[in-house]
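Asker: Please find one structure pasted underneath; my questions will follow.
Read-outs throughout are calculated quantities, based only on the coordinates presented, and are distinct from any laboratory measurement. For clarity, every value in this text was computed on a predicted model and none was experimentally measured. Here the Cβ positions follow ideal geometry from the backbone for every residue, glycine too, while neighbour counts run over all protein chains shown.
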Amino acid sequence: MRKLSEIKGEDAFDVLAEILEPISVIATDEEFVSLVRNHNKIGAVKVLLKNHKKEALLVMAVLDEEDPETYAPSIVRLPSMILELFNDPELLSLFRSQGTVTSSGPVTESTEETASE
């Protein structure tokens with residue numbers, strides 16, 4: 001499995017395009033992000049396995065240069081693959097450095113008046 005730091009050039013654009021959505025989904029899981037930030041790998045792995053199977057499989061498939069539609073790692077290979085993910089500092093930095101997106105206030109309607117005829 002490739003590490004993010006190993007992916008360069010146009011390939012980096014393709015990989016980023018593929019993993020952006022699943023990483024965003026995982027990054028909005030407050031429990032997962034908190035566990036990663038607190039260096040609780042076991043807890044984070046447990047949350048990842050229970051709550052984000054599809055997203056994790058997609059990221060692993062892309063980093064393994066496999067077709068996400070047919071990607072099916074064995075239970076024997078899965079622990080080492082997840083360990084590789086959690087040992088990739090660049091990948092983990094996506095969860096440590098980004099906060100969840102929050103609104104600073106309520107959504108408001110446009111105050112622009114419409115002309116009446």
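Asker: Can you list the HN-Hα couplings for the range 35-51, worked out from phi with the Karplus curve (6.51, -1.76, 1.60; θ = phi - 60°), rounded to whole Hz and with x for Gly and Pro?
Answerer: Per residue, the Karplus-derived 3J(HN,Hα) values read 5, 5, 4, 8, 6, 9, 5, 4, x, 5, 4, 4, 5, 4, 5, 7, 9 Hz.
Asker: To the nearest 0.05, how large is the calculated FRET efficiency for K8 and E30 if R₀ is 35 Å and r is the Cβ-Cβ distance? Walk me through the intermediate numbers first.
Answerer: Working: r = 32 Å, r/R0 = 0.92.
Calculated transfer efficiency: 0.60.
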